[in-house]
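I have placed the structure first, in the form of structure tokens, so that the comments after it can refer back to it.
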Amino acid sequence: MARQTGLIKLKGTLDNVNFYKSKDGNLARMKTSVDGKRIANDPAFVRTRENNSEFGSSAKSGKLVRSSLRPLMQTASDGGVTARMTKVMTLIKDFDTQSSRGGRTVAGGITDAAAKELLKGFNFNNRSALGSVFFKPFTVDVNTGAITINNLIPINDINYPQGATHVTLKCAWAKVDFATGETDTQISPESNLPLDSTSTDVTLTPPQAPAGQGTNVFVLCLEFFQEVNAAQYSLKNGAFNVLSIVEVS
């Protein structure tokens, strides 16, 4: 893949080169001479078919996680989250040591503790990662989903954007079954705090444990607001908001 330069940007095919526009800019790549039917049937492309099968399965697993957290992602995510999540799921799939090549899945790999660590720390909004915004230690109770933050002083412990006057914190506990595709998510009540020097003990607790079987995914969300005439407004449609996976079990 090459990037187009110059004043005139091309679209279409010229001399076996495809010119196209993507979110990464105006790009060019060689046109392939291999059709889909040959890839699907030719023994020479068996490795390609295996890779495609596993990639598709990993992409579906990533979509499953994103769908389970969609209510929170609506205010805290970036344009590259799908690709980044698929990349993580592809790495998790590699921990499936029971299935043959072409049949390895995230469901088979996520049972490994090291695979869970790959998912832990994932930021849905790379423009505002948890580690660069929130500096206060916290604990996660995997039995109740509660996140506890003691002695939180927002003006010291949060790197908040210019213009923000308040921050809202909430957490969620999602149960994701990668084998069946079933999910359930429980979101805690919000804790809205002014960005000042007041010390507050914050406990965020989901209303109940999510139903079903599968992998437990715990996330922490921070949303920033500006107060004007007693009403709070989101800053830049959530560009500074944080949503991060803080524990996986």
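The values are calculated or read from the model by the stated rules, or taken from the named source; none is laboratory data. All values reported here derive from a predicted model rather than from experimental measurement. Please note: Cβ atoms are built from the backbone with ideal geometry, for glycine as well, and neighbour counts cover all protein chains shown. To get the accessible areas, we keep the full protein, side chains included, count just its heavy atoms, and leave off ligands, DNA and RNA. Shrake-Rupley method; radii C 1.70, N 1.55, O 1.52, S 1.80 Å.
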Sequence of E223, E190 from largest to smallest accessible area, 1.4 Å probe: E190, E223
Dipole magnitude (debye, nearest 20) for segment 142-198, charges at Cβ of Lys, Arg, Asp, Glu: 80
Charge dipole (debye, nearest 20) of segment 150-231; +1 at Cβ of Lys and Arg, -1 at Cβ of Asp and Glu: 60
Chymotrypsin sites (Phe, Trp or Tyr not before Pro) restricted to DSSP loop in segment 65-167 with at most 12 other C-beta within 10 Å: F135
Within the accessible area of segment 119-249 (1.4 Å probe), percent carbon and sulfur: 45
Local electrostatic count at T148 - Lys and Arg +1, Asp and Glu -1, tallied over other residues with Cβ under 9 Å: -2
Residue-span extension gain [R127 to D112] - 0.36 nm each, minus C-alpha spacing: 2.4 nm
Theoretical gain in end-to-end length, S22 to T97 [0.36 nm per residue, Cα-Cα removed]: 23.4 nm
Estimated dipole of segment 70-201 in Debye, rounded to 20 [Cβ of Lys and Arg +1, of Asp and Glu -1, Cα centre]: 460
Rounded if a/c under 1.5, otherwise prolate or oblate - segment 79-139, Cα gyration tensor axes: oblate
Solvent-accessible heavy-atom area per residue, rounded to whole Å², over segment 179-225 at 1.4 Å: 47
Surface accessible to a 1.4 Å probe, per residue, for the residues of segment 54-156, Å²: 48
